[in-house]
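All remarks here apply to the structure that follows.
Each value in this text was obtained by applying a stated rule to the coordinates, not by laboratory testing. Since we're looking at a predicted model, the values are computed, not measured. We place every Cβ from the backbone using ideal geometry, glycine too, and count neighbours over all the protein chains shown.
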Amino acid sequence: MSRRSLLRALGAGAGAAALAGCGVPAAYIAPGDRAAQDRSAEDKQLVFANWPLYIDTDEEHPGRRPTLDEFQRRSGVSVKYTEEINDNDEFFGKISPALMNHQDTGRDLIVVSDWMCARYVRLGWVQEMDRSAQPNVARHLDPLLREPSFDPGRRHSVPWQSGITGIAYHRKKLGREIRRTADLWRDDLRGRVTLLAGMDEAFSLLMQGNGADVTRWTADDFHRMTDQLRRLVRRRHIRRFTGNDYIKELSSGDVLACQAYSGDIIQLQADNPDIEFVVPEEGAELWAESLMIPDLARHKANAERLIDFYYRPEVAAKLAASVNYVCPVPAARDVLASSRDRETAELASNPLIFPTDEMRGRLATARDMTAKERPGFLKEWNEIVGL
């Protein structure tokens, strides 16, 4: 089971929390009111909230996390690591009451998807980081991830891992290549293709397939894409809209092509080499799930220190070798390539962990939806998907 498939199962009951999270009224916190007295110097600890299966573990002792253990030994900082984030909206609903009421969440470090990071940044619910205390971040962060529209200069967020939303297909059973998003709409795929149900996960690739520049997409681009989807749904071309449970149908051949995450497909290819992943000629979205420090966190300096530790290329390489997502530290590639272990060294040449220069030229990060745009777009999307 992939990490995202597990999250789909864990998050199945998160609907009420998601609605609660979306309904929280804006309660902006000004920059001068976001920091608490930092206890890092005298209190060597921090609380780190992350997603399940999103850190390296010891194969013989699954409860051990080698890179995190190394950080604790080197720094003397004790880390309480929790795997409590199963869904972006659910977690937002969980901690938003404290944040909107200007209270400590009890967490010094959280990891959420960039489209959700945008909400925290817009509300002023996360603190600006001290980059002078993070030389490895400044030196090694992938240039493609440095300037998201919601957080110019990455002042409030640092990618934990990254990934690509592209197209996966069963090459042997389909009997042809897929190179463009439009190839999904050919007659031989009628009823055998799936798309992601989540608007934030799906819309960018579909708009790119129509030639839109997603770094500055417009309402017309969005409506052109949704009009296209309505036609495809009426013709029953799309088998269904999925969560992260597309893997089983793709592997069995019930689905021949689908919108997919790069990290899932790496794991699937290990068992089924006939599965291909493609970044369409028109482009695909490069996304990230990022580290942030909530308002009033009590151990900000310790959190910044941990973030910078994971941007050491040798540490980033260990994490990438374990979780198999796109590594936000390109310098980690050389570390993996020099490994004496053949399988580890081969990861350095996997374009789904370290995209090639040619592939990188086709990757883009979509601009975030504004708070004003989101309700209308989400209503239109959900009517098509059937949510």
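List of remarks:
- What the Cβ-Cβ distance of R224 and R131 gives, at R0 = 41 Å and to the nearest 0.05, is a FRET efficiency of 0.55.
- Test item: Cα-centred dipole of the chain, Lys/Arg +1 and Asp/Glu -1 on Cβ, debye: 640 debye
- Gained length - K379 relative to D334, 0.36 nm times residue gap less alpha-carbon distance: 11.6 nm
- Count, lysine Cα pairs under 19 Å in the chain, 8 or more residues apart or across chains: 6
- Its convex hull of Cα atoms gives the stretch 128-220 a direction-averaged projected area, equal to a quarter of the hull surface, of 8.6 nm².
- Whole-Hz ³J(HN,Hα) from phi, Karplus 6.51 cos²θ - 1.76 cosθ + 1.60, for the stretch 277-285, glycine and proline x: 10, 10, 8, x, 4, 6, x, 8, 8
- The peptide list 313-321, 137-145, put in order of mean Cβ contacts within 10 Å with the highest first, becomes 313-321, 137-145.
- Projected label distance in nm at S149 and R179, using a 7 Å step from Cα toward the beta-carbon: 3.0 nm
- Here the Gaussian network model covers the chain, with springs between Cα atoms less than 10 Å apart; of K372, K80, K94, K372 fluctuates the most.
- Compactness relative to 2.2 N^0.38 Å, alpha carbon Rg of the chain: 0.98
- Each residue of the stretch 292-302 was assigned a 3J(HN,Hα) from its phi angle through the Karplus expression (A = 6.51, B = -1.76, C = 1.60, θ = phi - 60°), giving 9, 10, x, 3, 6, 4, 8, 9, 4, 5, 5 Hz with x at Gly and Pro.
- Backbone N within the stretch 122-144 under 17 Å of label point (7 Å from A371 Cα along the Cβ vector): 122-127
- Measure of compaction for the stretch 183-244 (Cα Rg per 2.2 N^0.38 Å): 1.11
- Potential extension, S78-T356 segment - 0.36 nm per residue separation minus Cα distance: 96.3 nm
- Among the GluC sites (Glu not before Pro) in the stretch 54-119, those placed in a DSSP loop whose Cβ has at most 15 other Cβ atoms within 10 Å are E59, E60, E84.
- Fewest-first sequence of F377, F277 by Cβ atoms within 10 Å of each Cβ: F377, F277
- Cα gyration tensor shape of the stretch 179-304, rounded if a/c is under 1.5, else prolate or oblate by comparing a/b with b/c: oblate
- Largest GNM mean-square fluctuation across R340, R155, R122, computed for the chain with C-alpha springs under 10 Å, falls on R340.
- Computed 3J(HN,Hα) for the stretch 160-177, one whole-Hz value per residue from the Karplus formula 6.51 cos²θ - 1.76 cosθ + 1.60 where θ = phi - 60°, is 7, 9, 10, x, 10, 9, x, 10, 10, 8, 8, 4, 5, 7, 6, x, 7, 8, glycine and proline marked x.
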